[in-house]
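As structure tokens, the structure follows; a few thoughts come after it.
The values are calculated or read from the model by the stated rules, or taken from the named source; none is laboratory data. Predicted model, so just to flag it, every value in this text is computed and none were measured. Cβ atoms come from the backbone with ideal geometry, glycine included; neighbour counts cover every protein chain shown.
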Amino acid sequence: MSLHEYFNSMKSECKPIIWIGYVLSACIAFIHVIPQEQLINVIAFIIPITIFVLFLQVIATNMKTNIKDIAITFFGICYITLFLMFIPIIHGLENGKIYVWYIIFAAWGTDVFAYVVGKWMGKHKFSSISPNKTIEGCIGGALGAVLMILVYTWVINTYWDMHISYLTIGIIGLVLSIIGQIGDFSASSIKRYVGIKDFSNLIPGHGGLLDRIDSIIFIAPFAYFLFMFIR
């Protein structure tokens, strides 16, 4: 659905090759059949295969599909499909069901606290890309997300007999929150480029699905590699 919204938003700028994006998105449903130790290799192999197929499309259409079309298509596939693939990869790790919640808290915890702090004391605008966001809100969002993550860590350490370092997960939480905010600004820059406010009106008052998970998309791959420090 997120990729569909992205492709629709780009139709004013190019002719994205929609079918290959949908095929790769559908493959996420089967990612659990791949051995865990081979998952990263499979994702790495998807990239050259995708470029190969996209250029075949250019050749087969005698350049009616052009370089801009395949570049924007490829970006969308990497940005949404490949990044989101890390969610089921993390879920498949030992204690992966616990780790996945860190991504949720980093993304949505940041959003909630950034909104509250920004409304309460936000005075300094952060960027014209997203004019409603303030520096105070961004800082409050990061600190709030870290607080939520530390509370969650206390719960799982106490009741699920985990032994996750509060210092390590606090640093990771801060990094993920900052990455999530960059992801939010990145999605806003796409919308500004194509001249839209939201990717769709799927969720009244909140925009499309991509508007809701833009931070999660950005956080997921970084979270996977950072989680290697606490396994």
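Some observations on this one:
- Any chance Lys68 is among the charged types (D, E, K, R), in a helix (DSSP H, G or I) and either closer than 24 Å to His163 by Cβ or touching a helix residue (DSSP H, G or I) at 6+ places or on another chain (Cβ under 6 Å) (or both): no
- Hey, Ile46 in the same structural domain as Gly140 (by TED's automatic domain parsing), surrounded by fewer than 21 Cβ atoms within 10 Å (Cβ to Cβ) and part of a helix (DSSP H, G or I) or not: no
- Checking Ile171, Ile203, Ile216 one by one, the residue that is of a type in the set (A, V, I, L, M) and more than 30 Å from Leu3 (Cβ to Cβ) is Ile171 and no other.
- One residue stands out among those in segment 104-146 that are out of contact with any strand residue (DSSP E or B) (no Cβ under 9 Å at 6 or more places or on another chain) and among the aromatic types (Phe, Trp, Tyr): the one that is nearest to Val175 (Cα to Cα), which is Phe105.
- Tally of residues being among the hydrophobic types (A, V, I, L, M, F, W, C), outside any helix (DSSP H, G or I) and surrounded by fewer than 17 Cβ atoms within 10 Å (Cβ to Cβ) across segment 103-152: 1
- Complete set of residues in segment 1-39 that are surrounded by fewer than 12 Cβ atoms within 10 Å (Cβ to Cβ) and over 26 Å from Lys197 (Cα atoms): Ala26, Ala29, Phe30, Val33, Pro35, Glu37, Gln38
- Enumeration of residues in segment 157-174 that are among the hydrophobic types (A, V, I, L, M, F, W, C), assigned to a helix (DSSP H, G or I) and surrounded by fewer than 16 Cβ atoms within 10 Å (Cβ to Cβ): Leu167, Ile171
- Summed over segment 201-213, the residues that are part of a loop (DSSP other than H, G, I, E, B) and on the phi > 0 side of the Ramachandran plot give a count of 1.
- Here the condition is being at pLDDT 90 or above and under 18 Å from the mean Cα position of the chain (by Cα); of Leu147, Leu209, Leu143, Leu167, it holds for Leu209 alone.
- Condition check for Tyr99: assigned by TED's automatic domain parsing to the domain that holds His206, among the hydroxyl-bearing types (Ser, Thr, Tyr) and farther than 18 Å from Ala187 by Cα: yes
- Unique residue being in contact with an Asp or Glu (Cβ under 9 Å, 6 or more places away or on another chain) and among the charged types (D, E, K, R) when the list is Asp161, Asp198: Asp198
- Among the residues of segment 52-88, those identified as over 28 Å from Ala220 (Cβ atoms) and buried (at least 16 other Cβ atoms within 10 Å of the Cβ) are Val58, Thr65.
- Listed by first and then second residue, the pairs linking a residue in segment 207-231 that is over 22 Å from Ala187 (Cα atoms) to a residue that is part of a helix (DSSP H, G or I) and at pLDDT 90 or above, with Cβ atoms under 6 Å apart and 6 or more places separating them unless they lie on different chains, are Leu226/Ile172; Phe227/Tyr99; Ile230/Thr168.
- Verdict on Ile171 being out of contact with any helix residue (DSSP H, G or I) (no Cβ under 7 Å at 6 or more places or on another chain) and under 15 Å from Thr110 (Cα atoms): yes
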